[in-house]
Amino acid sequence: MLDPTQLPVTHPTGQYAVMVGADLLPNLAQHAGIHGPIALITDSNVGPLHAARCGDVACLVTIPAGEQHKTLATVQTIYDQLLTAGIDRQATVVALGGGVVGDVAGFVAATYMRGVDFVQCPTSLLAMVDASVGGKTGVDLPQGKNLVGAFKQPTAVLADITTLQTLPPVEFAAGMAEVVKYGVILDAEFFAYLEANIDGLNSRDDGVLRTVIARSCQLKADVVEQDERETTGIRAALNYGHTYAHAFETLCVYGQMLHGEAVAVGMLCASRLAERLGRITTEDTARQFRLLQALELPTAPPKLDENEVLAVMRRDKKATAGRLRFILPTKLGHVELVDGVAAEDALAGLVEGAS
C-alpha cells in the first residue's frame, strides 16, 4: 500500500498536515497525533459505515444527517453528550463525515470549554477538497446559512479515500464540481489533467483520486494561507460560480439541487457572462462544459424566475450596496473579481449558449 501523501498547511497560529491516502481511519490517533481521549462526531449516514473503523473513542456522537440539522439545537445536544461522557479540555473532537458534520463538529470544538483540539476526517469528496481545509465552521439560523460560526483550524486532516467507495454516485459527482473549479481559477495544467483522466475519475481509481484530492487541497491551502479570514479579498477567488449557485440553492426546493451541482451550473453561467464581457473565449467555456458533462454533472440552469435570481444575487456577500460582483475567468487558471456587472449581463449568463 502506498504511503499517504502529506501536505503542510500554514496558518497565522501554526501548521497542520493534510494526509491523503487509503485506510487511514484504523490508525486515526497515530496519523493525527492524538494522545488524549477522542470525541467522535458523525452522522446517521456515515456512522454505521465508518465509525467502527476509527478505533477506540471515549465518546461517539451521532447527529441526524442533512443540512436541516446544522443548527444550534444540534450543537446543544452534542454539548450535553460530551458533558455526560466526561469529555474535558484534554480531548480531541474528530469530525467524521461530510461538510455538515465538519462545520458542526468544528464549531463545537471551537466553543466547548472555550476550545479543544479538532481533527477533520472528511468522508465525501466535496468535504475532502473544500470544507475540510480553511478553518471555517458554523451553523445555520432560520434567517440564513452559516450566520453563527467561528474560525477553528484543525490539528490534522485525514482524507481516507477508502470512504469514497461508499459515496453515492450523485454525491461523488457533486464533489467533482469543486475539483474542476480549482483548475479554472488557479491551475490550467490541473484542468488539463482532469480532462485526460475522466475515466479514472468516474471509476474512482485510487491513484487518480489521490492526485486530484492532494492537488485540490494544496491549491485551496495556498489561497487560505494568504487570506485566512477573508479580509484581503484573495480568498474570494474560491467563490467562482458561487454567486449563481447560491441563488439556485436558495430558490430551489430543499434537496432538489446539491451544492456541487449548483456550482457546476454556476461556473458555466459565470463563464458565459465572462464571454459576454469579452473576458474569455468561447472555447474555454466549452471545455468547462465538456468536462462537467463528462463527470456526470448538470449543465443547464434550473427554471427559475429571473427577477428572483437577480434579487438573491444582489444579496450575495460579494455584492456591495446591491451592485453585482462576480468572480470571472480571463483564461483557464486565472480569475478576477469584477464589480458593477449590469443586471441584463448577469441574466444573460443563465441562457445556455449566451455569449
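Which value, to two decimals, describes the C-alpha radius of gyration of the chain once divided by 2.2 N^0.38 Å?
On the way: Rg = 19.8 Å, N = 355, 2.2 N^0.38 = 20.5 Å.
Compared with the compact-globule rule of thumb, the chain sits at 0.97.
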Within the chain, what's the longest run with no trypsin sites (Lys or Arg not before Pro) in a DSSP loop and at most 16 other beta-carbon atoms within 10 Å? Give the range, please. 90-203
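For 69, 242, give me the order by solvent-accessible area with a 1.4 Å probe, most accessible first, ignoring ligands, DNA and RNA. Please report the intermediate quantities before stating the final value.
Values: 69 55, 242 10 Å².
From most exposed to least exposed: 69, 242.
Greater than 29 Å separation of Cα atoms is the criterion. Which listed pairs, 145/181; 145/303; 145/331; 181/303, meet it?
Details: 145/181 22 Å; 145/303 23 Å; 145/331 31 Å; 181/303 23 Å.
Violating the 29 Å limit, Cα to Cα: 145/331.
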Could you order 238, 83, 141 so the one with the most accessible surface comes first? Probe is 1.4 Å. 83, 141, 238
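Can you list the equivalent-ellipsoid semi-axes of the stretch 159-261, largest first and in whole Å, using the square root of 5 times each Cα gyration tensor eigenvalue?
Numbers: eigenvalues 102, 81, 31 Å².
Working from the Cα gyration tensor, I get semi-axes of 23, 20, 12 Å.
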Amide H contacts of residue 150 (H built 1.01 Å from N, under 5 Å, at least 5 apart or other chain): 137, 138
Contact order normalised by residue count of the chain, Cα under 8 Å, 6+ apart, percent: 15
Which whole-angstrom value gives the distance between the alpha carbon centres of the stretch 254-309 and the stretch 94-164? 27
Please state the relative contact order of the stretch 165-271 as a whole percent: Cα pairs under 8 Å, 6+ residues apart? 31
Student exercise, the stretch 1-83 dipole from Lys, Arg, Asp, Glu Cβ charges, in Debye to nearest 20: 80
With all protein chains present, the chain has a carbon and sulfur share of its accessible area (1.4 Å probe) in percent of 51
Taking θ as phi - 60°, what are the ³J(HN,Hα) couplings along the stretch 117-128 by the Karplus curve (6.51, -1.76, 1.60), each to the nearest whole Hz, with x for Gly and Pro? 4, 9, 10, 9, 10, x, 10, 10, 4, 4, 5, 4
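Please give the charge dipole size of the stretch 255-355, origin at the Cα centre, charges +1 on K and R Cβ atoms and -1 on D and E Cβ atoms. Round to the nearest 20 debye.
So the magnitude is around 280 debye.
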Where only protein heavy atoms count, and the probe is 1.4 Å, what is the accessible area per residue for the stretch 197-334 in Å²? 43
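The values are calculated or read from the model by the stated rules, or taken from the named source; none is laboratory data. The shown structure was predicted, so the numbers you read here are calculated from the model rather than taken from an experiment. Ideal geometry is used to build each Cβ from the backbone, glycine not excepted, and the neighbour counts take in all protein chains shown. All accessible areas refer to the heavy atoms of the entire protein, side chains included, with ligands and DNA or RNA removed. Shrake-Rupley method; radii C 1.70, N 1.55, O 1.52, S 1.80 Å.
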